[in-house]
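Heads up, the thing below is written out as structure tokens.
The values are calculated or read from the model by the stated rules, or taken from the named source; none is laboratory data. These numbers come from a predicted model, not from an experiment. So basically every Cβ, Gly included, is an ideal-geometry build from the backbone, and we count neighbours across all protein chains shown. Only protein heavy atoms, including side chains, enter the accessible area calculation; ligands, DNA and RNA are left aside. Shrake-Rupley method; radii C 1.70, N 1.55, O 1.52, S 1.80 Å.
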Amino acid sequence: MILPLHEQIRARVHAVLSELYGLADADASVFIECPPNRAMGDLGTPVAFDLARRLRKAPRAIAQDIATALGPMPGITRVEAAPNGYLNVFLDRPAFLLARLGLAGALPAAPARPDKTIVEHTAINPNKAAHIGHLRNAALGDTLVRVLTFRGNPVEVQNYIDDTGVQVADVVVGFRELEGVDLEGARALAASTRFDYYCWDLYARVTQWYDGDKARLGIRAATLHDIEHGVEPSAGLAAFIADTVVRCHLKTMARLNIDYQLLTWEGDILRLKFWARAFEVLKQTGAVFLQTEGRLAGCWVMAIDDGTPAGDAAPAETTDDADDREKVIVRSNGTVTYVGKDMAYQFWKSGLLGHDFHYRHFATRMNGDPLWATTSTPALADPTHPPFGAALATYNVIDVRQAYLQKLLKQALTAIGHQAEADRLTHFSYEMVALSHATARELGCAPPADSDDAKRPFVEVSGRRGLGVKADDLIDRVIEKALVEVDRRQPDLPVPNRRAIAEAIGIAAVRYFLIKYTRTKVIAFDIDEALSFEGESGPYLQYAVVRANNIFHKLHERLGLDETALLAPLPSAPPDAINGAEGDHELWALVLEASRLDDVVEQVVRTLEFAGLAKYGFGLAQLFNAFYHKAQILNEERDDVRRWRAAAVAYFRQQLTRVLDLMGVAVPQRM
């Protein structure tokens, strides 16, 4: 890792600037950069340029003053002032690598980050199977959890379950009105069918049924009201549907190495009067008010702060214009909108509600720990649960179409006097997922050749219309295609082993593809591109690690040395190979690039662009493959050179494996 050295250099330069020029830390920004080639140094800073005008001195002269005054620093062999004014730092290469392999020296402890962060992601409506769009949310959310954990943040992972929303109500209506199925009938279906798939088709049929007669929407409204108020038989059927479908969702996400610590059920927010408490606070602070006129009469609304100064409003605003500047929080029939429920939930996440859920053991996580769920029934509560909620910061991973409603959450926090909590609430938004035309054809959902949809650059999907790709179907297809390649390359392996390798490759293909594009870009998922062993893909990264593993297997076969024995003599070995004594810096370049992972993680957390993590992993794998083809290891006759090269490969493998883990990707034994 490289950031501890950044901090050491930055702190020492600040101390020198104070000694030489009386400058406080705030007076100078010490940016640490990587020079374009190793002959110019391993790290550098342009601080002299930033100070030249203030100190009325040439940058090179300032850089020379700093270089002279810095004195010895651990892990650094020398600091030079470049002719152009840069301050270039040369690292102690052998010590750097040996410390990171645990062979000599020690790395500084990571900074403590004690304050909890909540990441809420996935949040699929529990009325049907997950689809490909949900996978992008879950992949981004899980990667966010992993990078925050990597940098030392305590993270609480939540999945919000909207069990009282209109989507669940629609499936209840479908069972009752279209199929004449009650709770016992639904139980029988769940025992004999893939229930989330069954509900997928039923939901699409209900949508068509509503379209046939708009008066039927009254049945939806009545059903929704019954679910929210616990009126049977709708409430019991809705609870069963949501519980069963959520368990299906958990299995789907577990295939992608994604899981959660807490399932937060919307129904518990209502039954425990979270909304009632939040509503009182909102009314007391004037954040919401009762509208008495216009089409929103009888509704409790929040004025929308769209950033327009009050004096800029039109002098004669129509009723419709006024309505457009107000968001309904509670409908005139007393039903709270989902943004209202989200406000109550956000108040609880930020520790502002003064009330808590009960908690029950819902299932078992992938690591064997309990998966907890909220409950409003004290008899179901388990007192051994860990503390939940009350986080310093929260990330809500939800698509860009919800930006307006997420803005309202921040506005509500501000309106009740909690600006700091509003500032620490981040809407992690992303764009939709479509399919390439080739993948749509492969999955049997291509639009008719003569349709307008066929002329578009990608194929859009719609779960409401039943025109989409179920997540499990996509994963299955990717794994099936990976298995064809594994069978071709590894025909000698037992069938279960080949299947396990194909599953690892398939998951890598899906997860890498879902994060390799900037999150503001609509992506068209393409199976062949995702599975490519040669391009920018998850399997390409996996193959680089497998290739590195194979080097050590072959070294063990030839030399009879395991990895520990191979690297143990390095502290006393001649360092010419890693120091580039013959002008060859490829070995060191691989080590230095591999060490940048913590710096990359900081960048992606700051920007929330995980495409940077994907591209870093791809670039690191490319660098290793170039090194592999140029620098002999197995056939290298010089013992010290072979060992240093093997050490570089070991560190590369360690770091790229960590990159893959941050993406939720495992490395198969063979490919």
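Give segment 114-163 a look and list any residue that's under 18 Å from Met432 (Cβ atoms), open to solvent by 10 Å² or more (accessible area, probe 1.4 Å) and among the basic types (Lys, Arg), or say none.
Answer for segment 114-163, where residues must be under 18 Å from Met432 (Cβ atoms), open to solvent by 10 Å² or more (accessible area, probe 1.4 Å) and among the basic types (Lys, Arg): just Lys128.
Being open to solvent by 60 Å² or more (accessible area, probe 1.4 Å) and either assigned to a helix (DSSP H, G or I) or closer than 16 Å to Phe150 by Cβ (or both) is the filter here; which residues of segment 655-671 pass it?
Selection gives Arg658, Asp661.
Can you name the residue in segment 369-392 that is part of a strand (DSSP E or B) and crowded, with 20+ Cβ neighbours inside 10 Å and, of all such residues, is farthest from the chain's Cα centre (by Cα)?
Here the answer is Thr375.
Checking Lys410 against (1) in contact with a strand residue (DSSP E or B) (Cβ under 7 Å, 6 or more places away or on another chain); (2) assigned to a loop (DSSP other than H, G, I, E, B): exactly one of these is not met. Which one?
Evaluating Lys410 over (1) in contact with a strand residue (DSSP E or B) (Cβ under 7 Å, 6 or more places away or on another chain); (2) assigned to a loop (DSSP other than H, G, I, E, B) leaves (2) as the failure.
With (1) surrounded by fewer than 23 Cβ atoms within 10 Å (Cβ to Cβ); (2) without any contact (Cβ under 8 Å) to a residue 40 or more places away in the chain as the list, and Ile551 as the residue in question, which single condition is left unmet?
(2)
Name the single residue, out of those in segment 624-671 being at pLDDT below 95 and under 27 Å from the mean Cα position of the chain (by Cα), that is farthest from Gln490 (Cα to Cα).
The selected residue is Gln669.
Considering only segment 424-442, how many residues are assigned to a loop (DSSP other than H, G, I, E, B) and crowded, with 20+ Cβ neighbours inside 10 Å?
Going through segment 424-442 one residue at a time, the tally reaches 1.
Only one of Ala99, Ala112 is at pLDDT 90 or above and either in a strand (DSSP E or B) or out of contact with any His (no Cβ under 7 Å at 6 or more places or on another chain) (or both); which?
Ala99
With segment 476-589 as the region, which helices (runs of 4 or more DSSP H) entirely inside it contain at least 2 residues that are modelled with pLDDT of 95 or more and touching a Ser or Thr at 6+ places or on another chain (Cβ under 8 Å)?
Passing ranges, in order: 495-515, 527-531, 538-559.
Tally time: how many residues in segment 190-202 are under 16 Å from Val246 (Cα atoms) and part of a helix (DSSP H, G or I)?
8
Could you please give the count of residues in segment 443-475 that are open to solvent by 50 Å² or more (accessible area, probe 1.4 Å), at pLDDT below 90 and outside any loop (DSSP other than H, G, I, E, B)?
Selection size over segment 443-475: 3.
Can you name the residue in segment 476-490 that is over 14 Å from Ser532 (Cβ atoms) and touching a residue at least 40 places away in the same chain (Cβ under 8 Å) and, of all such residues, is surrounded by the most Cβ atoms within 10 Å (Cβ to Cβ)?
Among residues in segment 476-490 that are over 14 Å from Ser532 (Cβ atoms) and touching a residue at least 40 places away in the same chain (Cβ under 8 Å), the one surrounded by the most Cβ atoms within 10 Å (Cβ to Cβ) is Val486.
Looking at segment 160-168, can you tell me whether even one residue there is modelled with pLDDT under 95, touching a strand residue (DSSP E or B) at 6+ places or on another chain (Cβ under 8 Å) and in a helix (DSSP H, G or I)?
no
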